[in-house]
Every structure is written in structure tokens, then in C-alpha cells.
Amino acid sequence: MQRVMNTRGRRAFTLVELIAVMVVLAVLAGVAIPKYFDYSDRAKAAALEGALGGVRSGLSSFYSNKAVDGEAEYPTFNEFQVVGTVMQEELPINPYNNLRELQRIRNRDEADERVVKNADRFGWNYFVDNRVDPPVAIFWANSEEETSMLKRNGRPFKANEI
């Protein structure tokens, strides 16, 4: 008796081939996923630095203009919120809590410690005291989430520490 060979070819993968593909995909995922999260964390930190730099630059510009006019002072909380006074556009979104609302901090000790309050309602904190000499203004992110930026001791900065 003669065997008839199937000439149409295979239609399915073997179990060994499927397992090999799954192993390759698992290795690729193990390499790619941590890289993705690292890029995401670094992008958030860079966005935060850019936002803080823009706002702090606006505060410095306001102060310089007032100093030239003879009244060296920072913008009040209300002045700060008027578009065109400090910032030419509304405040940027805080990348760590996705909020742009500004919260007034009245206590200097809390400002010095960059206290985070109401992080689910406010993206930024602002303290100003024009009664002291020299005047003081402190602007910081209203989030304690860790960033990808590292301190000298190797620990990550929190968003409110930048």
C-alpha cells in the first residue's frame, strides 16, 4: 500500500512555533515597556521645568519692570491671574496633576517648605510678600509626585521641590 502525500501544505502553526513567538514578544515587551515609562517620566519632568521656567521668568520680568518704575514688587495674587500682566497666556497645565488653577499660599513657612495642599483642585501654588525688603515671591508645583530628576544623593526630586 502506498501512502498519499498531502501536497496542499500546512495550514497551522505548531505549538513549538507559537511558544517561540510568545517568548520573543515577552522579551521585547520586557525591554520596551520600561523604556516607555522612562520616556514618559522624563517628558513630565521636562514639561514641569519648562512651565516653571516660563512662569518664573514672567514673575522676574514683572518685578524688573516695577523696579524701573520705582516700586520693586512682585505681582499680587489677583494681578498674577490677569492674563497679560505676568503671563501672556493662561497658566500652563501642571503635568503631574493636569490642573492649571493657582492657589494662594499666605504662610511664608509653608511657602519655604513648598507645601502641597488641595492637589486635586490646584495645579500651582503662589506666595507673595511685598512688605518685606526685598520682596519675596515663590511659585511651585502643587504635587508631591516623584520626578525622574535625581538629587545629589540619588533620590528623586518631588514635583514641588523643583
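The values are calculated or read from the model by the stated rules, or taken from the named source; none is laboratory data. All values reported here derive from a predicted model rather than from experimental measurement. Note: ideal-geometry Cβ built from the backbone for every residue, glycine included; neighbour counts use all protein chains shown. Areas reflect the complete protein model, heavy atoms only, side chains present, ligands, DNA and RNA absent. Shrake-Rupley method; radii C 1.70, N 1.55, O 1.52, S 1.80 Å.
Would you mind working out the accessible area per residue for the chain, using a 1.4 Å probe, and quoting it in Å²?
Working: 11380 Å² over 162 residues.
I get 70 Å² per residue for this part.
How large a share of the accessible area of the range 34-114, in percent, is made up of carbon and sulfur atoms when the probe is 1.4 Å and the other protein chains stay in place?
Numbers: 2280 of 5000 Å².
On the range 34-114, the fraction of accessible area on carbon and sulfur atoms equals 46 percent.
Of the residues Val27, Val116, Val68, which exhibits the maximal mean-square fluctuation in a Gaussian network model of the chain defined by a 10 Å Cα contact cut-off?
Taking springs between Cα atoms under 10 Å, the residue moving most is Val27.
Based only on Cα atoms, what Rg/Rh ratio does the range 62-114 have, Rh being taken as Kirkwood's radius?
Rg divided by Rh gives 1.03.
Considering only the chain, what is the antiparallel percent among its DSSP beta bridges, to the nearest 5? Each step should come with its number before you reach the end.
Details: 9 of 12 bridges.
Looking only at bridges with both residues in the chain, the antiparallel portion is about 75 percent.
Connecting C-alpha atoms closer than 10 Å in a GNM of the chain, tell me which of Pro75, Pro92, Pro135 has the biggest fluctuation.
Pro135
Counting only helical runs of four or more DSSP H residues, what would the 222 nm mean residue ellipticity of the chain come to if each run contributes -39,500 (n - 2.57) and the total is spread over all its residues? Mind dumping the intermediate values first?
Numbers: 3 runs with 64 residues, N = 162.
It comes out at -13500 deg cm²/dmol, rounded to the nearest 500.
Helix 15-68 versus the longest principal axis of the chain: what angle, 0 to 90°, nearest 10, using Cα atoms?
Tilt of helix 15-68: around 10 degrees.
With Cβ to Cβ distances under 14 Å as the rule, what net charge do the other residues near Lys117 carry (K, R +1; D, E -1)? Kindly include the intermediate steps, with their values, before the conclusion.
Working: positive: Arg104, Arg106, Arg114, Arg121; negative: Glu101, Asp109, Glu110, Glu113, Asp120, Glu144.
So the surrounding residues net to -2.
Highest GNM mean-square fluctuation, the chain, Cα pairs closer than 10 Å: which of Val86, Val16, Val128?
Maximum fluctuation in the GNM of the chain, among the listed residues, is at Val16.
Rounded, prolate or oblate: which fits the range 103-161, taking a ≥ b ≥ c as square roots of the Cα gyration tensor eigenvalues, rounded meaning a/c under 1.5, else prolate when a/b beats b/c? Could the numbers behind the result be given before it?
Working: a/c = 3.08, a/b = 1.54, b/c = 2.00.
Cα axes put the range 103-161 in the oblate bin.
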